[in-house]
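What follows is calculated from the coordinates using simple rules that are stated; it is not laboratory data. This is a predicted model, so every value here is computed, not measured. Here the Cβ is made from the backbone with ideal geometry for all residues, glycine too, and neighbour counts use every protein chain on show.
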Amino acid sequence: MNFGFSEEQELLRAEVRKFLDQNASLEVVRKITEEGDGTAPDLWSRMAELGWVGLPMPEAHGGVGMDFETLIVVLEELGRSLFPSPLISTVLAARAIELLGSEEQQARWIPGLADGSKIGTFALLEEIDRHDAEGIALRGESKGGVTRLSGRKCWVPDAGAADLFVVAYREGDATDAISLAVVERGASGVATVDHASMDLTKKLGDLVLDGAEVGEGDRLGTAGGVWPTVEELIDTGAILVTAEAVGAAEAGISITTEFAKQRLQFGNPIGRYQGVKHPLAEMYVDTESFKSLVYYAAWCLDERSEDLPLAASRAKAYASDALPRIGIDGVQLHGGVGYTWEYDIQLFLKRGKWMRPIYGDSDFHYERIANLGGL
């Protein structure tokens with residue numbers, strides 16, 4: 001059995017790499033993050049025209065209709081360049097609408113997400129910062145067929161750029177009585193607040209709701225009955241950010257390896273010494289390990305396998321520890337200069353720090369693995 005990517009997927013990888021090399025070098029990424037609002041709308045539009053944004057979205061609503069395994073190819077290359085885009089956020093929002101929305105709702109929202117004219121995001125976390133149903137305190141107050149939401153969703157990816165938000169809120173007294181609804185920017189009682197982030201290529205913010213109205217046509221799925229789908233969306237997010245982490249880890253290793261070949265100490269490149277070789281080898285082994293885990297997790301996602309929760313947690317748990325460690329070791333192997341703004345390796349350390357908690361840190365996922373295993 002062939003566990004590699006298909007010829008078509010490798011051709012896609014080559015095209016993505018060519019596009020990023022020409023338009024989104026690390027020098028360009030630095031300029032994007034330092035200027036304006038830190039986004040690149042022109043490049044985002046071109047990505048959408050190439051079909052990358054709508055890659056896993058249904059063809060019936062303007063998407064390409066490909067699988068998540070193919071999207072992994074794109075995400076790895078975006079991670080390699082640390083390219084700032086709301087791709088994962090938009091894919092997650094579209095996935096929620098595809099899984100739970102009616103045909104009318106899908107036709108209403110997915111085409112704009114697929115063609116890049118609209119940016120979506122998944123608003124899950126609150127101040128308590130828990131990835132289980134008990135962590136959702138925002139409660140919908142229903143009256144006259146309309147549900148009003150008042151509260152704050154925290155650490156929402158790409159909140160400042162999003163046009164629509166898939167919001168998780170409580171609608172019932174049971175622990176897992178969770179609902180999802182689409183709330184659009186510009187609606188009454190909807191505002192966002194941006195937050196400073198260590199990783200300037202990843203934008204975070206709060207969604208502030210002050211009596212925002214949710215009608216029956218805005219709710220996705222059954223009122224108070226969508227928690228299993230929310231868990232799947234968390235797994236999906238964990239898999240997608242881990243796929244980006246693969247590219248970031250490989251790029252960080254490459255940058256550090258090249259530095260080790262060029263930096264001379266005692267008349268030799270430092271890469272000749274075991275104190276440098278061994279950390280580089282460990283970085284490589286860690287990357288290959290969570291790469292394999294995320295590939296299997298993506299397959300489980302496409303097949304809607306019952307192994308999906310376990311596979312997603314294995315990949316995210318490993319990567320949540322490995323990528324920050326790769327960034328730290330990369331900086332250390334650069335010596336004192338690795339911490340300075342002029343050197344690119346510090347950007348990859350910051351990506352690891354951002355990636356660690358998003359959609360569950362290693363502690364959360366290792367505990368979940370233990371619970372799924374009956375421990």
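Here are the numbers for this structure:
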| read-out | value |
| --- | --- |
| Sparse-neighbour loop sites [GluC sites (Glu not before Pro); the stretch 285-322; at most 11 other C-beta within 10 Å; DSSP] | Glu306 |
| Test item: Cα-centred dipole of the stretch 120-225, Lys/Arg +1 and Asp/Glu -1 on Cβ, debye | 120 debye |
| Peptides ranked, highest mean first, by Cβ atoms within 10 Å: ranges 343-350, 18-25, 245-252 | 245-252, 343-350, 18-25 |
| Under Karplus coefficients 6.51, -1.76 and 1.60, residue-wise ³J(HN,Hα) of the stretch 59-73 in Hz, glycine/proline x | 4, 4, 10, x, x, 8, x, 8, 9, 6, 4, 6, 4, 4, 4 |
| Unit charges at the beta carbon, dipole of the stretch 120-225: most positive-side option, Leu124, Gly151, Ile136 | Gly151 |
| Lysines whose Cα lies under 22 Å from that of Lys316, excluding same-chain neighbours fewer than 8 positions away | Lys202, Lys203, Lys291, Lys350, Lys353 |
| J(HN,Hα) series, the stretch 232-237, from Karplus relation 6.51 cos²θ - 1.76 cosθ + 1.60, nearest Hz, glycine and proline x | 5, 5, 5, 4, 4, x |
| Shape call, the stretch 60-120: gyration tensor on alpha carbons, a/c limit 1.5 | prolate |
| Karplus-derived HN-Hα couplings along the stretch 49-58 (A = 6.51, B = -1.76, C = 1.60, θ = phi - 60°), whole Hz, x at Gly and Pro | 4, 6, x, 6, 5, x, 3, x, 8, x |
| 13 Å beta-carbon shell around Pro157, net charge (K/R +1, D/E -1) | -2 |
| Among Thr33, His365, Ile239 - extreme Cα towards positive end, dipole of the chain, charges at beta-carbon | Thr33 |
| Approximate spin-label separation Thr340-Asn23, in nm, with each point projected 7 Å along Cα-to-Cβ | 3.3 nm |
| Loop trypsin sites (Lys or Arg not before Pro), the stretch 293-330 (other Cβ atoms within 10 Å of the site Cβ: 13 or fewer; DSSP) | Arg304 |
| Computed over the stretch 98-239: relative contact order in percent, which uses C-alpha pairs under 8 Å that are six or more apart | 25 percent |
| Check: the chain dipole with +1 on Lys, Arg Cβ and -1 on Asp, Glu Cβ, in debye | 1060 debye |
| Potential extension, Arg148-Arg263 segment - 0.36 nm per residue separation minus Cα distance | 35.3 nm |
| Dipole of the chain, positive direction: furthest Cα of Gln105, Gly62, Leu349, with charges on the beta-carbon | Leu349 |
| Estimated [θ] at 222 nm from DSSP helical runs (n ≥ 4, -39500 (n - 2.57)) normalised by residues in the chain, nearest 500 | -17000 deg cm²/dmol |
